[in-house]
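First the structure, in the form of structure tokens, and then the observations on it.
The values are calculated or read from the model by the stated rules, or taken from the named source; none is laboratory data. Note that the coordinates shown come from a computational prediction; the quantities given were computed from them, not determined experimentally. Cβ placement follows ideal geometry from the backbone for every residue including glycine, while neighbour counts extend to all protein chains displayed. For the accessible areas, the whole protein counts, side chains as well, though only heavy atoms, and no ligand, DNA or RNA atoms are used. Shrake-Rupley method; radii C 1.70, N 1.55, O 1.52, S 1.80 Å.
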Amino acid sequence: MRLPPSLLAAGFGAITVFGFAPFDFFPLPILALALLFRLWQKTAPRGAAWLGFCWGLGCFLTGVSWVYVSLHDVGGMAAPIALAATVLFCAYLALFPALAGYLSCRLASADFYRNAPLVAGLWTLSEWLRGWLFTGFPWLALGYSQTPPSPLAGYAAVLGSYGIGFLVVLIAALIALAPRRRSTWIAIVAVLAAGILLRGMDWTQPVGKP
């Protein structure tokens, strides 16, 4: 029995959380996004927005469930109200990957390699917007999933968390859009190898006595 795409997208969002601490399975966000982007290829912009929303709902309900604990256990809010507030909050957060999905499919072209940076840029823009709008909530920004031993951790001092998040989505988009092209894997290996080299650099030096 095949699962509906919306349920698959929600599942991909939920497993993304295991790429963050304390689990640190850093390849999972890349894989989960690549699978989501494969679903996007088979649908129209509105369908991509819905799948992006489902992905976000799965991700945030799994990774931001502590909001319920804060409201109910710590704040003393009644359980039904705390649960409803948590679900509504996660639904709001899910609007940002939905926006990225809609725009990605709306602006897509026939060129796979043009679409990959487009998807990565729009997703990163949506994450930045989520971290800024209404004072922002940058929890579970993809860049934070790539801590050591991830090769992408080497870019932290150069690009910051949003830059690393862009690379995560770029790699996922390349895998999803052009998995059989040799140039895809050459580009991915080059990005990872550069990250490994950057991890070996000393970006700070002590000055004076501690």
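Observations on the structure shown:
- Filter pass, Ala32 being farther than 16 Å from Leu170 by Cα, aliphatic (A, V, I, L, M), open to solvent by less than 40 Å² (accessible area, probe 1.4 Å) and out of contact with any strand residue (DSSP E or B) (no Cβ under 9 Å at 6 or more places or on another chain): no
- Meets criteria (surrounded by fewer than 18 Cβ atoms within 10 Å (Cβ to Cβ) and outside any loop (DSSP other than H, G, I, E, B)) for Val189: yes
- Scope segment 73-96; condition without any contact (Cβ under 8 Å) to a residue 24 or more places away in the chain, under 28 Å from the mean Cα position of the chain (by Cα) and open to solvent by 60 Å² or more (accessible area, probe 1.4 Å); matching residues: Leu83, Leu88, Tyr92
- A count restricted to segment 157-173 and to residues that are closer than 24 Å to Ile186 by Cβ and of a type in the set (Gly, Ala, Ser) stands at 4.
- Residues (in contact (Cβ under 8 Å) with a residue 60 or more places away in the chain, hydrophobic (A, V, I, L, M, F, W, C) and open to solvent by 50 Å² or more (accessible area, probe 1.4 Å)) located in segment 97-115: Phe112
- Number of the exception - Ser109 against (1) closer than 30 Å to Leu198 by Cα; (2) modelled with pLDDT under 95: (1)
- Of all residues in segment 141-179, those being crowded, with 17+ Cβ neighbours inside 10 Å and assigned to a loop (DSSP other than H, G, I, E, B) number 4.
- Residue match in segment 48-61 (condition: under 20 Å from Ala176 (Cα atoms), open to solvent by 40 Å² or more (accessible area, probe 1.4 Å) and in a loop (DSSP other than H, G, I, E, B)): no
- Selection count where residues are without any contact (Cβ under 8 Å) to a residue 40 or more places away in the chain and in contact with a Lys or Arg (Cβ under 9 Å, 6 or more places away or on another chain), scope segment 116-155: 3
- Positions within segment 123-140 being in a helix (DSSP H, G or I), within 13 Å of the chain's Cα centre (by Cα) and surrounded by fewer than 20 Cβ atoms within 10 Å (Cβ to Cβ), in sequence order: Leu125, Trp128
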